[in-house]
1. Compute the angle between helix 27-39 and the longest alpha-carbon principal axis of the chain, please, reported from 0 to 90 degrees and rounded to the nearest 10.
2. Using alpha carbons only, how many degrees (0 to 90, rounded to 10) separate the axis of helix 10-23 from the longest principal axis of the chain?
3. Taking springs between alpha-carbon atoms closer than 10 angstrom, which of 32, 11, 61 fluctuates most in the Gaussian network model of the chain?
4. Label point 7 Å out from residue 27 along Cα-to-Cβ: which residues of region 1-20 have amide N under 12 Å?
5. For the chain, compute the number of Lys pairs whose alpha carbons are separated by less than 30 Å, excluding pairs fewer than 8 positions apart on the same chain.
6. Which value in deg cm²/dmol, rounded to the nearest 500, describes the helix-derived mean residue ellipticity at 222 nm for the chain, given -39,500 (n - 2.57) per DSSP H run of n ≥ 4 and division by the residue count?
Amino acid sequence: METVTLKLDHRHVQKLKDHARATGRSRAAVVRDLIDRHLGGTKPSLHDQAKDLCGSVAGARDLSTRKLKGYGRD
């Protein structure tokens, strides 16, 4: 790994410290993750963005209100 020095204002440093503490990770790991996410060139999938919500809604499996005839289910 290579060492990089950054100049940040107090509020950014505080946000970085708070996030690192809340996630149990080092500040360097948080910065590396942010760089990968924002400069990595790949966008996270919809599932990656909403995976904390998966399984949190209860209800009918088929939410369609329009009954179709002749499409496998009658």
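None of the figures in this text is laboratory data; all of them are computed from the coordinates on show. Just so you know, these numbers come straight off a predicted model, no measurement behind them. Positions of Cβ are generated from backbone atoms using ideal geometry, with glycine treated the same way; all protein chains shown enter the neighbour counts.
1. Approximately 50 degrees, to the nearest 10.
2. The helix 10-23 is inclined about 60 degrees to the chain.
3. 61
4. Those under the cut-off are 5-20.
5. Summing the qualifying lysine pairs gives 8.
6. Values: 3 runs with 32 residues, N = 74.
Result for the chain, helices only: -13000 deg cm²/dmol.
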